[in-house]
Each structure stands twice: as C-alpha cells, then as structure tokens.
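Single-structure report; data block below.
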Amino acid sequence: MNIEDIFNIPDAVIYDPDKLKSIEHVSIDSRQIGKNTLFIAIKGERFDGHDFIRSAIRNGAKAVMINKNVLKNFDDIKVPIVTVKNTTDALGDTARIWRGKLKAKVIGITGSSGKTTIKNMLTEIISEKYSVNKTEANNNNHIGVPLTILNTNTNHQVLVAELGTNHFGEIPYTAEILSPDYALITNIGDSHLEYLKNRNGVWKEKSSLFNSTIENGGKVFLNYDDPIIKAKHSKKGRQVSYGFNGKVDVKGKIIFFNDDGLPVIDIINNKKNSSFNLPVHGEQTAKNFLACCAIAFELGFSAEQIRKSLKKMKATPGRLSVQKFKNFILIDDTYNANPDSTQAAIRLVKRIKTFDRKILFLGDMLELGQKSIMLHKQLEKVINESEINEVYLIGPKMLHLSKQLVKKNIVVKHFPNRTSLLNQIKKMSFDKSVILVKGSRGMKMEEFLSEIKLKSMN
C-alpha cells in the first residue's frame, strides 16, 4: 500500500507524509511488527492499542494510525502518524482498499455450525493446486476479517475467510469488506439466539454474505438440506446447490459408517459418481465435506485431486476430534456447542462400535435466548436414541435436561460446580468406553477433558 491508498481512508490525515514509505504489513499487535509495518492502535474491551504505540515503534513500526482526539499525546513520535476518527473503522477501510488490490479468489464462509471445519477442510483441498491463505483461529469478526484480508499477500491465489456473528450487523459489515467471489452458508440453526432471536433472525444476518457476493457478481453455494436456506434464498445471481436430498447440482450419499464411525460417501457431480473414505468423524463432517467438494469442483478440481487431499486431512482440535487410548475412546468437541452440533456429536458416540459403554459429559449451550430451556430438554430424545449409558451434566441449563433424563434407564448426574464434577471424574473408571465431552466455550469443558486423559496413564 502506498501513500495514496492511505489518503483514501476516510478522515485520514497524515503527519510527516514525506517520511511515509510503502506499507508491506499492517498490525494491531505491537509485538508483531514486520518490515515496513503500519501499526493501527485499536481500542478494545481489555486493552487500548494507543498504550503500545511507543513499543510498536521500538519494535520497528514505520508508521502508526491513531484516533485523532489523542494526537496531542504523541508529540514526541518521530515516525509518520495517520489520524482517523475511529481506528477500528479505519482498519476495515484499510482492508477494503487492500482487498481491491488482491487478485486472489475470495471464498466467504458463515453459518451456525461447521464454519471452521469447512474452512480448514477446504483449505487442505485447494492447497493441492493453489497457494491459499485462510482465517487463522477464530479471527472471524469485525476485527479478524479485516486482519485476514490484510494478511493475504499478492502471491496468494485463494483466500478462504470465515465470518462469524452474534449481533445483527456484523456479517453485512465484514461481507461488504470481504467482497467474496464465492460464498457458502453452512446451515441456519439455533445459535446466538440471545441476540438474533430465532432462526429467521439468524438467516437475516447470515444471508448478508450471499447478498454481498451476488452484488459482487460472485457465485453462492446453497445447502438444500437446510430448509431455511432452500426456502428463503434469492433466485438472483449465480448459484450451485448441494445436498443429500432432492434434486441438486452436487449430490452426496453416505454409503455407511465403518466400526470406527468414519463415513464413506458417494458424490455425484455432472453425472459422475465418486467415492470418498473420509479420515474424520461424524455425519456433519460428511455434509461439510460435500460443501467443500461443491466449491472445489467449481474451482476445477477433479475427484482424484480431492481424494489425494484426504491423506493430510484431520479433525480440527476441539471439534469432533476422536482420540484413541488403550482402554477407551475420547471425543473432544469442547470448542463450542449449539443444539445441532450437540445432537450430531451424541449420534457419533453411538456409531463408534469399538466399545459398548457410552458416556456423555455435557455443559450448558449458551446464547440460546428464550428457547434455551426447551432446547436443552430436547436433547433427551437423541440421548435415548443413541443408547447412551451414562450422562454427567454441569451448568444451570443442563439441570433441566437432567430432570428429563431421570425417568429413563440410564445413569444421570448433575453437578452444582466444577470441583464436584472433577472429583467424580477422578474416581471413575472409563474402561472400554466411548466418551464425549462437549459444551459452549464459556463452560471450559477442556478442563474435564484433560482430567479424563489422565486416566489413560493409569
């Protein structure tokens, strides 16, 4: 980026512009300063980047961007200063300018669940032919999406970007900056209902990604197995449908699950049938793989090229990651939870045939709004259908599920605090068991997962 680009940022004023060299990197972390870096001081909930400006300069920043109302605090700064009304907004504007310079094909992914899995899986496939950049970790919000764009360089041929939200307005903002060539909404489920109210609210927010893509002349990928996406999507623009049911452009069918619970899937595209043995678990994973194939076929990949990518594909940590120990199998699905993903994880427990004893450790599913109690109670059905033997629950919402389950012929215990559940785990034997640990991020279920892993050392 050059000085003309910086001048194109709304409200930007450059002090000492003659000293401003071309910008090769943008950072909001004073510890991560590369060659010719512009440091943007973002004011967040816990930290204010303006407090780290001098540290960023000591680490080599060649220019800094600050809020104009604090300019007087930095009279001693010797590098060019760019002032703006709001640095968070200016970060988005900077990313928008850089997006216009990129030649990479940009793929935007959002949805209630499966975003990260699809992002990682798709990146593995596309990397067989192209240089790919992707969203790192969960940098999928109004800060993370601009940073992902700014971390994409001119050598990248494809950018796979994840867009998240829990409030109205986040996807419209990030999608407009991202300006995707291709867009995919994984599904519309009961996620973030505390703010998005209901599934129609989720669709209203998530569908902004489709709208931006269509406006950009791009192509959208439609999950026809999702009733809301199928019913509500616009007929405008270029589209590819996919799914396991009905008439679609790219159709999948799960042939069977092996004894380890791994799916074998057939996919039909352009009247050609291809079979894939997936190295990762879960029915939802098979659906995610189908979505990836729909995009990969559009990018010119053959079935054989996709099949080759499976050799290096593995589960994302914390997302249906199946770990085998000497005497038990542990499913780590601790990263987050909503009703759809929790039901899918419980069904996976049943499909793994290695051991007959099936155990669940479940924490509250958060941000479900007024439907929260009902959605927790509804887990009873899938637990019964999955022939679960023991259920250990924590969190005030899971107390409602425990009251539903006590009527059934299974062991069920609800724990009032973390210490009591940890003590329960310490005294248990998990011999010949399949164990699932799952809950929302705020429940920190990974602590219980670690305690269970210690049992493998006994």
Strands (runs of 3 or more DSSP E) within the stretch 1-81 that include 3 or more residues charged (D, E, K, R), surrounded by fewer than 19 Cβ atoms within 10 Å (Cβ to Cβ) and on the phi > 0 side of the Ramachandran plot: none
Strands (runs of 3 or more DSSP E) completely within the stretch 201-310 that count 1 or more residues being among the basic types (Lys, Arg): 219-223, 238-243, 250-257, 272-277
Conditions (1) more than 14 Å from the chain's Cα centre (by Cα); (2) part of a helix (DSSP H, G or I); number of the one not met by ASN153: (2)
Boolean, THR334 is in the same structural domain as MET398 (by TED's automatic domain parsing) and among the hydroxyl-bearing types (Ser, Thr, Tyr): yes
Boolean, ASP89 is closer than 20 Å to PRO146 by Cα and either in contact with a helix residue (DSSP H, G or I) (Cβ under 8 Å, 6 or more places away or on another chain) or not in a loop (DSSP other than H, G, I, E, B) (or both): yes
Pairs with Cβ under 7 Å, 6+ apart, first in the stretch 287-300 and closer than 14 Å to SER113 by Cα, second part of a helix (DSSP H, G or I): ASN288/THR117; ASN288/ILE118; ASN288/MET121; PHE289/MET121; ALA291/ILE118
Checking ALA294 against (1) touching a helix residue (DSSP H, G or I) at 6+ places or on another chain (Cβ under 9 Å); (2) crowded, with 23+ Cβ neighbours inside 10 Å, the condition it does not meet: (1)
Candidate set from the stretch 170-184 (those that are of a type in the set (Gly, Ala, Ser) and farther than 16 Å from ILE118 by Cβ); member that is surrounded by the fewest Cβ atoms within 10 Å (Cβ to Cβ): SER179
Only one of ILE42, ILE53, ILE14, ILE3 that is over 18 Å from TRP98 (Cα atoms), without any contact (Cβ under 8 Å) to a residue 60 or more places away in the chain and either outside the structural domain of ILE81 (by TED's automatic domain parsing) or not acidic (Asp, Glu) (or both): ILE53
Test set (1) part of a loop (DSSP other than H, G, I, E, B); (2) at pLDDT below 85; (3) out of contact with any strand residue (DSSP E or B) (no Cβ under 9 Å at 6 or more places or on another chain) - GLU194 fails condition number: (1)
Candidate set: the stretch 207-258, residues that are more than 24 Å from the chain's Cα centre (by Cα) and polar (S, T, N, Q); chosen: the one nearest to LYS272 (Cα to Cα): ASN245
Subset of the stretch 120-144 [farther than 19 Å from GLN305 by Cβ and touching a strand residue (DSSP E or B) at 6+ places or on another chain (Cβ under 9 Å)]: ASN133, THR135, ASN138, ASN139, ASN140, GLY144
Residue within the stretch 355-374 that is surrounded by fewer than 18 Cβ atoms within 10 Å (Cβ to Cβ), more than 19 Å from VAL280 (Cα to Cα) and free of Cβ contacts under 8 Å to residues at least 24 places away in the same chain present: yes
Subset tally (residues that are within 21 Å of LEU366 (Cβ to Cβ) and surrounded by 15 or more Cβ atoms within 10 Å (Cβ to Cβ)) for the stretch 399-411: 6
Search result, residues across the stretch 302-321 that are of a type outside the set (Gly, Ala, Ser) and buried (at least 21 other Cβ atoms within 10 Å of the Cβ): ILE306, ARG319, LEU320
Leading residue by the ranking (surrounded by the fewest Cβ atoms within 10 Å (Cβ to Cβ)) among those in the stretch 126-150 that are assigned to a loop (DSSP other than H, G, I, E, B) and among the β-branched types (Val, Ile, Thr): ILE143
Those residues of the stretch 416-458 which are surrounded by fewer than 19 Cβ atoms within 10 Å (Cβ to Cβ), within 30 Å of the chain's Cα centre (by Cα), within 24 Å of ASP260 (Cβ to Cβ) and basic (Lys, Arg), in sequence order: LYS453
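Being surrounded by 17 or more Cβ atoms within 10 Å (Cβ to Cβ), under 30 Å from PHE361 (Cβ atoms) and of a type outside the set (Val, Ile, Thr): is that true of PRO339 here? Reasoning before the result, please.
Values: surrounded by 17 or more Cβ atoms within 10 Å (Cβ to Cβ): yes; under 30 Å from PHE361 (Cβ atoms): yes; of a type outside the set (Val, Ile, Thr): yes.
For PRO339, the condition - surrounded by 17 or more Cβ atoms within 10 Å (Cβ to Cβ), under 30 Å from PHE361 (Cβ atoms) and of a type outside the set (Val, Ile, Thr) - is met.
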Any hit, the stretch 403-415, residues being among the aromatic types (Phe, Trp, Tyr) and either within 29 Å of the chain's Cα centre (by Cα) or closer than 30 Å to LEU262 by Cβ (or both): no
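Of all the residues that make up the stretch 225-244, how many are closer than 22 Å to GLU215 by Cα and surrounded by 18 or more Cβ atoms within 10 Å (Cβ to Cβ)?
Here the count works out to 6.
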The stretch 245-288 - residue that is aromatic (Phe, Trp, Tyr) and at pLDDT below 95 and, of those, surrounded by the most Cβ atoms within 10 Å (Cβ to Cβ): PHE257
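Name the strands (runs of 3 or more DSSP E) wholly inside the stretch 365-458 in which the number of residues that are touching a Leu at 6+ places or on another chain (Cβ under 6 Å) and not assigned by TED's automatic domain parsing to the domain that holds ALA344 is 1 or more.
So the answer is none; nothing clears 1.
The values are calculated or read from the model by the stated rules, or taken from the named source; none is laboratory data. Predicted, not measured: the structure shown is a model, and the values here were computed from it. Methodologically, a virtual Cβ is constructed for each residue, glycine included, from the backbone with ideal geometry; neighbour enumeration extends over all protein chains shown.
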